[in-house]
Amino acid sequence: MNIKNTVTLSDRYLRQAERLVENGQFPSIEKVIEAGIDSLMNDDPVPAGPNDPLAGMADEIRRRLATPRDQFIPMDADNMFDRVRARLDEKYKAK
């Protein structure tokens, strides 16, 4: 059952909700607000926008967790940073 209600949003939140709709992440502002309330009810983080740094960090952590063990850089405090720099140099020279 749907109940009609009026909600007042600050300019900041309204602009963000409109961006999420324009980007196709939600079909309407109503659905943006519902998703936010759902995430609060489920103790989930609020859905992230495309430029959310925390979402980017989470994606990077997931990507690194999927890295096969044979591609790990071994931890050796004496020369670890030199080896990481060398590996990055090799990677970017190849491009």
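The values are calculated or read from the model by the stated rules, or taken from the named source; none is laboratory data. All values reported here derive from a predicted model rather than from experimental measurement. Neighbour counts are summed over all protein chains in view; Cβ atoms, including those assigned to glycine, are modelled from backbone coordinates with ideal geometry.
Quick check on the range 49-69: of everything there that is part of a loop (DSSP other than H, G, I, E, B) and at pLDDT below 85, which residue is surrounded by the fewest Cβ atoms within 10 Å (Cβ to Cβ)? So the residue we want is Asn51. Any residue at all in the range 23-36 that is surrounded by 13 or more Cβ atoms within 10 Å (Cβ to Cβ) and assigned to a loop (DSSP other than H, G, I, E, B)? Yes, the conditions are met somewhere in the range 23-36. Within the range 55-94, the set of residues being of a type in the set (Gly, Ala, Ser) and more than 25 Å from the chain's Cα centre (by Cα) comprises Ala77, Ala86, Ala94. Ile37 - would you say it is modelled with pLDDT of 85 or more, over 30 Å from Lys4 (Cα atoms) and of a type in the set (Val, Ile, Thr)? Taking the combined requirement at face value, the residue does not satisfy it.
Quick check on my filter: what residues within the range 1-40 are closer than 17 Å to Asp52 by Cα and small (Gly, Ala, Ser)? Result: Ala17, Gly24, Ala35, Gly36, Ser39.
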